[in-house]
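Rule-based calculations on the coordinates, nothing more; no lab input. Predicted model only: the values in this text are computed from it and were never measured. Here the Cβ positions follow ideal geometry from the backbone for every residue, glycine too, while neighbour counts run over all protein chains shown.
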Amino acid sequence: MAAETTQQEEASGPLQRWTQRAIQNPERIYRGLFYAAMVFFMFTTLFPFYWLLVLAITPEGQLLGGSYLPEIDLFGASATFPLPVPQGFNPAAFIEVFDQLPFHLYMLNSFALAISTTVVVLIVASLAGYVFGRLDFPGRAFLMLGILAISYFPPAAFVVPLFEAFTGNAPVVIPFTSIPLFTPPRLLNSPGSMVMPFSALFMPLSVFILTTFYGQIPDGLEDAARVEGTTRLGALFRVIMPLSAPGVATAAVLTFIAVYNEYFFSSIMATSPEAQNWSPIVGGILSFQTQYTTQFNLMGAASIVAVLPVVVLVIIAQERIVSGLTAGALKE
Amino acid sequence: MAQVKLEHVTKRYDDVTAVDDMNLNIRDGEFVCLVGPSGCGKSTTMETIAGLTIPTEGEVWIGDREVTNLPPKDRGIAMVFQNIALFPHMDVYDNISFGLRLRDYPKDEIDKRVERASDIVQLEEMLERMPDEMSGGQRQRVAIARAIVRQPDVFLMDEPLANLDAKLRVHMRTELQRLHKELDTTIVYVTHDQAEAMTMSDRIAVIDGGELQQIDPPLVCYNEPANLFVAGFIGSPSMNFVNGTVTDGQIESKNFSVAFDPAMVDGIGPGDDVTVGIRPEDVYPVDESGGLAHPTAEIHARSDVLEPMGDEIFAYLLLGDGDTSMSQEAATDDQLLMSIEPDSNMQEEDDVSVVLDRRKIHLFDDATGDAITHGLVDVTGGDESTGAPAETDD
C-alpha cells in the first residue's frame, strides 16, 4: 500500500503532489485562505483612508492636475506605480479645515448628539431588556415582534411627519380627524429634534442585544441582590448591567457610531448646515463644497479628523469587550 | 432576632399549587429545617418568607410585622443561596459589604463588621480575592459572611451545602451549628438531605405536596412520625412497611402477626386495614432478643442481601415465599430490612428467625396515612419510650 502511494507520487506532476499534500494537511490551505481573506479585507478597509490622506495633503491647485498614479522609470522600462501618491505636500489642509469653518463645533455637535442618544438608548433599552429578558408575562413575544416590526420601517418614512411636528406651527391631530391633541414646541435646529428620533431608530437593536445578555444572568444573583437590599431596578444597575458589560459595551458602541455618522435626519432637522443649528460632522464636511468650488482636499482632511475619535473609542471599547468576555465571570 | 410566622400561606402557579395552606410558627432563635423531596414546595415556602415570591393567599409575619407584601430588602432577612450567588464582579470585601454599602453605613462601621464576619467564617486573609479564585467551600463561607454581616433578624438558607462535596458538607454542617450557637438568630434552613435536618435543627418541618406534614424536634419526627410520609422520609434506610389487618387483639399481616394492647390503639376495630411500620434497628435476631421486654413471636425469614456499612450491617430479609423478582409494590409484604451488629455471622441465603420490638411498632391508618400509635404495648410509667433499651438495665 505504502509502496504504491510513493510510486504514484513519483509519477505525478507538481500540481498533483501539491493537491495530495493539501488533502493530507488541510491546515496549510486554511491558513493560506485566512491570510488571503485578511489581505483582501485590510485592503478594502484601509484603501479608502489612504486615498483620503492622498487627497488631503495634495495642494488645492494640484487636485485636478492629472493622474495620481505616477509613471516610474524602471531601468529604462517605464511603468505605472500601482498606488496613488499625493501630488505635492500640503499638511496645512488639516489646519485649514478648522480655519475655514468651525469644524470643531460640528464635531462637538456630533459628539453631544451621539453621547446623549447613547445614554438615552442604554437606559431605556436596559429597562426593556430587563423586562423582556428576565420577566415572563403574557404578550411578551408579541411585544418583541412589535419592536422588530418597527425596526423594519425605513427611517425616511418618519421624516416628514416628524419635521412637521418639530416645526411646532400646527397642533398634532388625531389621525384621520382634525381634532387637535397638542402643539409641540419648536424643536428644529435643536438637539431634541435629533436625539429623539435617533433614540427611537437605534433602540430596537440595543433592546435585542441587552435582552439576550440580561436573560443569561442567573436568577440567583438578582435574588441575592434584592435580599441584600436593592430594589429590582437597583439589582439591574448594580448587578445585572455590570455583569453584562460586554453586551452593554456592544450596544453603546453601535449606537454611538451610528449617531456619530448620521446625516439624513440631522440634515433635515438642522435647517441649514451651520454649527449653531446642531448640524453634525457630515454637514460640516459637505460645507466645504460650495456652489462654485469643491475643496476635495479639505473634505478629505476633515473626514480623517472626524474618524480619529471613533477609531480611538472602538479600540478602547474592544479591549473592554474582550476582557469582559475572557473574565468568564458569569459561571456560578 | 424575630419569630417567623406563616398563616394559611398558599402559592399557586397557573394550575400547580406549590404551597397549600401552610401554617408555620418558627420561634425566636430557633433553627428550623424545611425538608421534603424535590418539588415539595419547601423552596417556595422559603421564597415567600424572603419576599422573592408573593403568596397567592395568606400572611407572612416576621417579628411582629406583617411583611406579606414588603420587598425582600425591607424584611430584615439575609439569605444564603443554593448556587451561592456571589456577585462575580466584586471581590470578597465588596461582596460581604454590599448590603451595608447600600444602606449607607459609615466606612469604619462597615470595616469593623466585615472584619468580624470574615473572622467568624475564617476568611480574613481573602478579602481581596475574586469569587472565581476561591474554592466551593470558601465561596460558601463568603456567602454566609455576607448574610451575617448585616445582623439580620432571620437567616434563610436554601440548600446552602448542596453543591459541596460530601466531606466539606459535613464540615460546614458543624460550622453552621457553631454559628447558630454564636449568633443565636432564627434560622430557616431548606434541605432535601435528612441527615442535615436531623443533625442541625431544633425542629424539623417535613413538607410534602406543598403541605406541612409535621413540625417537631428531630427525634420526635423520628420516633413518633405523624403519618406514613414522615415515617418513610425520616430515617435512612427507610422504615419497613407491611400491610396488615386488625383482628381481635392481633394485627395479621401476610407473613406474621403481632399482638397489641387495645389501650394503646384508639379508633380501629377488627377488620380495619392498617400499615405496620418498623424501623430496621427495631428488628432483632432471636438469639439477641434477650433484653427485649416485649418481643413479638418469632418470624422466619431468609436473608437475601447484606450491606455492611462498617458500624452496622443492613440485612434484607425475605419472608414466607418471598420472591425478589416481584415488583417493588407487591414485594413489600415479603421483605424486611434489619440492621445487625457488624460482628454478626449471618451469611447471605441463611435461614434466620427474627423478632420485632413491639414497643417500637408504628401503626398507620391505611385510608388517611395518619399514625394511629407508636408502640403496641403500654410503656407509660417506664422511661423507655424514647431512650435506648439499655437504660432499663441501669
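What to note about this one:
- FRET efficiency, B:Ala166 to B:Leu219 (Cβ-Cβ, R0 41 Å, nearest 0.05): 0.95
- Per-residue packing, averaged as other Cβ atoms within 10 Å, sorts the ranges B:49-62, B:286-299 into the order B:49-62, B:286-299, beginning with the highest.
- Relative intensity, log₁₀ I(q)/I(0), of the range A:94-326 from a Debye sum that treats every alpha carbon as a point, q = 0.08 Å⁻¹: -0.39
- Rounded to the nearest whole Hz, the Karplus-based 3J(HN,Hα) values (6.51 cos²θ - 1.76 cosθ + 1.60, θ = phi - 60°) of the range A:186-191 follow the sequence 6, 10, 4, 6, 10, x, with x at glycine and proline.
- Pair-distance distribution of the range B:69-184: all C-alpha pairs, bin width 5 Å, starting at 0; shares per bin in whole percent are 2, 12, 23, 25, 22, 11, 4, 1, 0.
- Of the DSSP H helices in chain A, those whose Cα atoms cover at least 24 Å axially and whose Kyte score averages 1.0 or more: A:26-57, A:103-134, A:192-215, A:296-327
- Sparsely packed trypsin sites (Lys or Arg not before Pro) within the range A:174-264, loop by DSSP, other Cβ within 10 Å at most 14: A:Arg186
- Long-range amide H partners of B:Met79 with built H, under 5 Å: B:Leu156
- Gyration tensor (alpha-carbon) shape descriptor, the range B:71-119, a/c threshold 1.5: oblate
- Selection from B:Pro160, B:Val16, A:Met107 lying farthest towards where the dipole of the protein assembly as shown points positive, charges on Cβ: A:Met107
- Average Cα contact separation per residue, the range B:86-140, under 8 Å, 6 or more apart, as relative contact order %: 54
- Diffusion constant of the range A:204-287 at 25 °C, which comes from Stokes-Einstein with the Kirkwood Cα-pair radius and 0.890 mPa s, µm²/s: 160
- Area projected by the alpha carbon convex hull of the range A:74-188, averaged over all directions, nm²: 16.6
- Measuring nothing but how far apart in sequence close Cα pairs (under 8 Å, 6+ apart) lie, relative to its length, the range A:94-326 scores a relative contact order of 30 percent.
- Shielding by partners for peptide B:79-85, expressed as the average number of C-beta atoms from other protein chains within 10 Å of each residue's C-beta, is 6.
- For the protein assembly as shown, the spread of Cα positions along each principal axis, largest first, Å: 123, 90, 59
- Set of lysines near B:Lys42 by C-alpha distance (under 23 Å), chain-local residues within fewer than 8 positions excluded: B:Lys5, B:Lys11, B:Lys73
- Charged-residue dipole, Cβ positions (Lys, Arg, Asp, Glu), the range B:4-230 about Cα centre, Debye nearest 20: 380
- The charge dipole of the range A:200-310, taken about its Cα centre with unit charges on the Cβ atoms of Lys, Arg (+1), Asp and Glu (-1) only, comes to about 80 debye.
- Counting every alpha-carbon pair across the range A:141-232, the share separated by more than 16 Å comes to 70%.
- Looking at chain B alone, DSSP beta bridges between its own residues are antiparallel in about 75 percent of cases.
- Solvent-free Debye calculation, one equal scatterer per alpha-carbon of the range B:4-230: log10 I(q)/I(0) at 0.07, 0.11, 0.18 Å⁻¹ equals -0.22, -0.54, -1.35.
- Dipole of chain A, positive end: most advanced residue of A:Ala302, A:Gln62, A:Leu233 [Cβ charges, Cα centre]: A:Leu233
- Computed over chain B, the ratio Rg/Rh where both radii use C-alpha atoms and Rh is Kirkwood: 1.05
- Rg to Rh quotient for the range A:1-150, alpha carbon positions, Kirkwood Rh: 1.25
- Student exercise, the protein assembly as shown dipole from Lys, Arg, Asp, Glu Cβ charges, in Debye to nearest 20: 6180
- The sum of -39500 (n - 2.57) across all DSSP H runs of n ≥ 4, divided by the residue count of chain B, sets its helix-only mean residue ellipticity at 222 nm to -6500 deg cm²/dmol.
- Percent RCO, i.e. relative contact order, over chain B, from Cα pairs under 8 Å lying at least 6 residues apart: 15
- Anisotropy class of the range B:1-75 from Cα gyration tensor, a/c 1.5 cut: oblate
- Residues B:His362, B:His171, B:His374, ranked from the fewest to the most other C-beta atoms within 10 Å, line up as B:His171, B:His374, B:His362.
- Only one residue of A:Ala270, A:Val253, A:Leu74 has its Cα farthest out toward the positive end of the dipole of the protein assembly as shown, where Lys and Arg carry +1 and Asp and Glu -1 on Cβ, and that residue is A:Leu74.
- Residue-averaged [θ]222 nm for chain A, counting only DSSP H segments that reach four residues, each worth -39500 (n - 2.57): -21500 deg cm²/dmol
- Using only the C-alpha atoms, the convex hull of the range B:24-119 corresponds to 151 Å³ per residue.
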